[in-house]
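> Here it is: the structure, laid out below.
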Amino acid sequence: MEETPVILVTAGYDHTIRMWDALKSTCTRSIQYTETQVNRMALSSDKHYLAVAGNPRVSLYDVFGTSEAPVLSLEGHKANVTAVEFTHDHKFLATSSEDKTIMWWDVYAGSCKRILHNGSIVNDIAIHPDGRQELIISCDQNGAVRVWSWRRQEVLCQVIPESDVAVRSVAVSPNGQLIVAGNNLGQVFAYRLIIESSPQTGRTVELEPYLKFDAHDGNRITRVVFSANGRLLATCSSDRTAKLWEFTEGPVMSTNGSREEIIQAGAVLVHTLNYHHRWVWDAAFSSDSGYLVTVSTDTRAALWDVTSGEVIRQFKGHQKGVVCVALNDSTM
């Protein structure tokens, strides 16, 4: 099979999945997804499968195939599927739904191995990148951020960043040390993820507050995404922008009169990405962290140069709003 170096896919309200030549901004393949709108997509690390979250099922497509029919349909959720993510070895898949559950799927068997009952609409999930592939981070409509063990089918720890404010999106840093959550008030909350193991208690997890900042002036955050190198965080919002942030740490003097220096975290705005005319729903970084793709209800996708903060490609062709994007340009 001839290797395709860049897989870029967009979808949304027009029931059409589009694959693009990222260099020429031309659509190379269209798949009609007539059942429902597409809510979220994910590409497997080997670029073979595209997972598409609809209502209420998840469909897997052969990226290099020609058929519009999915190679696998995952049935089990009872309502809108809000998020989908592959494990790094692409053997398993995690999904979340408005039916208040998270499901863990065996991709090769096409079957659900675990169901986690959240008790509230699950808005987003992220799989922790450690080798055990056991931890799932979720956020929900009631404002909770939770860390789950899918094997033990239980919540290991949880925080509520802002009482009675829905958390829309979560992300895990590539090194697995930071969890970031964005909410309906435009706030970003970052937590250190502390994992310890002992023969007596087994594996324990704690979320330690690291940083809080206002990213979008009270406007809803729709997505938070880490760059592959972990240096940047992209936030998407209903204010029609995406923003790029860099986390910093520096010494400050203690306020308790001891003249002791403490390390304080901060977030520096690198770029405000102004291009779209309506809500920005999703974003994806390139594998070298040098580029970012954003999609919007304005029917367009844009490719940004992260260094300059300028649009270098535009992708037009959808007839209605575009709400999700998937990108895999790795050379593995």
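> Name every residue in the range 46-104 that is more than 24 Å from Gln32 (Cβ to Cβ), aromatic (Phe, Trp, Tyr) and either in contact (Cβ under 8 Å) with a residue 60 or more places away in the chain or crowded, with 22+ Cβ neighbours inside 10 Å (or both), in order of residue number.
Passing the criteria: only Trp104.
> Can you find, within the range 187-203, the residue that is nearest to Gly230 (Cα to Cα) among those that are in contact with an Asp or Glu (Cβ under 9 Å, 6 or more places away or on another chain) and open to solvent by 40 Å² or more (accessible area, probe 1.4 Å)?
So, considering only residues that are in contact with an Asp or Glu (Cβ under 9 Å, 6 or more places away or on another chain) and open to solvent by 40 Å² or more (accessible area, probe 1.4 Å), the one nearest to Gly230 (Cα to Cα) is Arg192.
> For the condition of a type in the set (A, V, I, L, M, F, W, C) and at pLDDT below 95, what is the one hit in Val180, Val252?
Among Val180, Val252, only Val252 is of a type in the set (A, V, I, L, M, F, W, C) and at pLDDT below 95.
> Starting from residues that are within 21 Å of the chain's Cα centre (by Cα) and open to solvent by 30 Å² or more (accessible area, probe 1.4 Å), keep the ones in the range 16-42 and report whichever is nearest to Leu93 (Cα to Cα).
Gln37
> Please verify whether the range 214-223 includes one or more residues that are outside any loop (DSSP other than H, G, I, E, B), hydrophobic (A, V, I, L, M, F, W, C), open to solvent by less than 10 Å² (accessible area, probe 1.4 Å) and in contact with an Asp or Glu (Cβ under 9 Å, 6 or more places away or on another chain).
no
> Right, here's the next one. Among the residues of the range 122-133 satisfying the criterion of being among the charged types (D, E, K, R) and modelled with pLDDT under 95, which is most open to solvent (accessible area, probe 1.4 Å)?
This residue is Arg132.
> Same structure, new question: With the requirement that a residue be among the polar types (S, T, N, Q) and within 17 Å of the chain's Cα centre (by Cα), what does the range 73-131 give you?
Correct list: Asn80, Thr82, Thr87, Thr95, Ser96, Ser97, Asn123.
> Has the range 226-248 got at least one residue that is at pLDDT below 95 and open to solvent by 20 Å² or more (accessible area, probe 1.4 Å)?
yes
The values are calculated or read from the model by the stated rules, or taken from the named source; none is laboratory data. Remember, it's a predicted structure, so these values are computed and weren't measured experimentally. Don't worry about glycine lacking a Cβ; one is built from the backbone with ideal geometry, like all the others, and counts go over all protein chains shown. Side chains are part of the model used for accessible areas, which takes the heavy atoms of the whole protein and leaves out ligands, DNA and RNA. Shrake-Rupley method; radii C 1.70, N 1.55, O 1.52, S 1.80 Å.
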